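Presented below is the structure to which this report refers.
Laboratory data are not the source of any read-out in this text; all were calculated from the coordinates shown. Computed from a predicted model, the values in this text were never measured in an experiment. Neighbour counts are summed over all protein chains in view; Cβ atoms, including those assigned to glycine, are modelled from backbone coordinates with ideal geometry.
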Amino acid sequence: MRNLYAALNNMEALNNENDHIMVTIRLHGTTRQITINEMIDSGATKDFIDKGFCSKYNIRTTQARTIREVYLADGRPSAMGPITHTAKVPMDIGSHRELAIFQVAKLPNHEVILGMPWLTQHSSRIDWGQGKITFESERCTTWCLKESPTVYAIPEDEAREENLKVEFGVAQSKKDQRVKVKKLDPQAKIPTRGSAQAAGHDLYANESKTIPAQGQEVVRTTISITPPRGTYGRIAPRSGMAVKHQIAVNAGVIDSDYTGEIKVVIANMGNQDYQVKNGDRIAQLITEKIVESDCYKVRTLKNTNTGQQGFGSTGTSKARSARSVPEPSESFNEDRTR
Ligand SMILES: [Zn+2]
């Protein structure tokens, strides 16, 4: 036997403005708290929480005794169901705290929907037009409330946008964007950022060395690093050294699978020897995003405005005139080997 739910249309098409509002809630998951905007909907016959949302935030769900199909008001089965699990989650709305019980469903547009069971249980007074909830039942004043009995709704667009930001934030923080650094010598220094917004981390020499005028030397840092996946580490000159001492850095690409010691190739373009002292900041390490693309062979390449002109050819008058004369065979030069 199936139990039938008539889940009202608000969940899939929000057209009636006066029977639902958005409010901010705080859910206490097993590992963390989540602040999210949810919908209070007098048209929903149950209280729902999104399935994907539960797994994303480690909200524990338990198998329901019976599997329930969800039907829309017009009798069509809803894509939300079937409902196989429920979730019990401590939930705050303003200073109102309770143990909320949700049906776990696939909610297309929401994370949490509080419907009739919640509305009747707490018999809160809702001014739908004003977006104002007052918890004044005996149950609430005795068990649920810590302070003020009133909570205000927030505009729906704002609520949705904030929810997207919360979800996006989690996706971002899941990927560890940090650079792992291993000291190969106790005296080695972990790279440091000069300022919070600095693009790179300064790399420190762990030896003293003289870079001869017009020459270059390899200077040891005695650290090895692993840049995050999808990035590489670039060793770039520090601008102060470049300007004041004509010091450049050569060969600066660290692949994410290179596990060896980071050594900095310092070139002295000046006419005086340059002394690197142990502990000096000698270069900066910048983490750059890359596209992991493959090369493949083709017979011809698509024509471009720059064409075969070499270094420094863009932005010159010659380049501009070349740009205005298209190759007559342009359309036949398209890559046809794909
Ligand atoms: Zn209550």
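Observations, loosely collected:
- Legend: ranking of residues H28, H96 from fewest to most surrounding C-beta atoms inside 10 Å; resulting order H28, H96.
- Legend: ranking of residues V243, V104 from fewest to most surrounding C-beta atoms inside 10 Å; resulting order V243, V104.
- Least to most buried among D157, D273, D47 (fewest other Cβ within 10 Å first): D157, D273, D47
- Local net charge near T192, Cβ-Cβ under 15 Å (Lys/Arg +1, Asp/Glu -1): +4
- R229 versus Q246: modelled label distance in nm, points set 7 Å from Cα along the beta carbon direction: 4.6 nm
- Seen from V181, the other residues with C-beta closer than 12 Å to its C-beta sum to a net charge of +4, counting Lys and Arg as +1 and Asp and Glu as -1.
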